[in-house]
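A short worksheet on the structure shown next.
Nothing in this text is a laboratory measurement; each read-out follows from the coordinates by a stated rule. As the structure is a prediction and not an experimental result, all values here were calculated from the model. Using ideal geometry, Cβ is built from the backbone for each residue, glycine included, and neighbour counts are taken over all protein chains shown.
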Amino acid sequence: MQLRDYMPKTLFGRMLGIILVPMILVQIVTVFIFYERHWDSVTRQMANSLAGEIQLLVTQAGAKFTAEELPALQQEARQYFGFDLAFSAAKILSVKPLGFAPESYAEESLTNSLKTRIDFPFLLDLNSSQDRIAIDVQLASGVLHISAGRKRIISSTGWTFLGWTIGTSIILFSIALIFMRAQVRPIRQLAYAARQLGLGRQTDAWQLSGAKEVRLAGRAFQAMRHRINRQISERTAMLAGVSHDLRTPLTRMRLQMAMMDKSSDTQALEEDILELEQMIDGYLAFAKGEGEETAKTASIPELLRQIISQYERSNPGQLQFDDSDTDVPDLTMRPQAIRRALDNLIGNAMRYANKAEVRVKARNDNIFIFIDDDGPGIEPEFRADALRPFVRLEGSRNRSTGGTGLGLAIASDIILGHGGELTLDNSPLGGLRVSVQLPV
């Protein structure tokens, strides 16, 4: 185990620790020094003072003190020291057992002070009453009972200081908590906006706030988002514009071909024109993958059922769908774009295989879609190239075996635009497995 395993994982927790740990350590050291020095010195001084007053009374009483002398000594003790006196003639104190330990530091200090000041046996009782303490001194003629206020030996300043320390700590912690929340809020806003951009969702501009560095980061992110959106729009407009402009000469060429006599040369030209039109359709489909479709909340299993139902009408029994996982949550996405991506992937499996299976699962805040087939598959060294645009692994340019090499590229581009990932692997059916991961 390392220290970072015990550290807070969030920025708010770490900032809180940076402030709280030093503050707590300072308070602990301060309280320790106060109790070690102040409590010790004050208690010893109060014990010495009380022991001195008791010594004076015991000395005045003498060893052969009698009950007749008690009223005079009581008046003097009450007047000058605030003591209450009583006397039990011919009484003998019970002796505490050997090894007896005082119950508190105040009792220990008073015991030590009395031992150095009086030569008579004595007993202390600091716990029987909340307001008074009792000191019994064994004289030759009996036991002198002395009752003094508890404040004569117990100082309340320690508890006052402790309460003040805890109170100020709570106030400082509350103030720090308010300021830290205000500083962390713009960072959370920036993180949320970055995640939305990574998932391909639109984010509204927000008012920059917080520290100077946080505002700089937010301003840089907003500028980056603007540049990315502009580049995507320009790229989409360029592909759409080029594709549209190319259709005009192709239309003229098709009209001229229609007026010419049919021959092997004109048939070859017609096939070239069809291939060009297919390439233009692929460019437009690729451009639409990055369009401005509004994100909505939709169900992935329901979307898959709609796509699969279309293939089942023309190829019954060839495609199986497993939607046994009922915990698949709805996903915020661009439905038409995701539909186009899944349609391309399922269409590829149906084109090259005799049997295909589609499964959807939810795991750890992600939705996984597995498309398996028993077709020829793709060799591992060619899988990365298969996801690149305008790359066809089948090089014959025969329209019956493939298009322009944009099917997987369009699907991968759409999945990446939603913050997901598309991977190719071996299928349990013997062909290709296409795995789609979409974060919830």
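Worth pointing out:
- Relative to the dominant Cα principal axis of the chain, helix 105-117 is inclined by about 20°.
- Helix 264-288 vs. the chain, principal-axis angle (Cα, 0 to 90°, nearest 10): 20 degrees
- Net lengthening on full extension, residue 224/residue 176 (0.36 nm per residue, minus Cα-Cα): 14.0 nm
- Intensity falloff of the stretch 293-439 expressed as log10 I(q)/I(0), Debye formula with alpha-carbon point scatterers, at q = 0.18 Å⁻¹: -1.09
- Of all stretches in the chain that contain no GluC sites (Glu not before Pro) in a DSSP loop with at most 13 other Cβ atoms within 10 Å, the longest one is 104-291.
- Computed from the Cβ-Cβ distance with R0 of 25 Å, the FRET efficiency linking residue 14 to residue 215 stands at 0.75.
- Average silhouette area of the chain, convex hull of alpha-carbon atoms, in square nanometres: 38.4 nm²
- The number of Lys pairs in the stretch 3-155 with C-alpha atoms less than 26 Å apart, excluding pairs fewer than 8 positions apart on the same chain, is 7.
- Charging the Cβ of each Asp and Glu at -1 and of each Lys and Arg at +1, and nothing else, the dipole of the chain about its Cα centre rounds to 1280 debye.
- Computed from the Cα positions only, the extents of the stretch 3-155 along the three principal axes stand at 79, 35, 25 Å, in decreasing order.
- Cα-Cα pairs of the stretch 120-279 separated by more than 27 Å (percent): 69 percent
- Each label point was placed 7 Å from the Cα along the Cα-to-Cβ direction; for residue 365 and residue 130 their separation is 5.3 nm.
- Between the Cα long axis of helix 212-259 and the first principal axis of the chain there is an angle of about 10°, rounded to the nearest 10.
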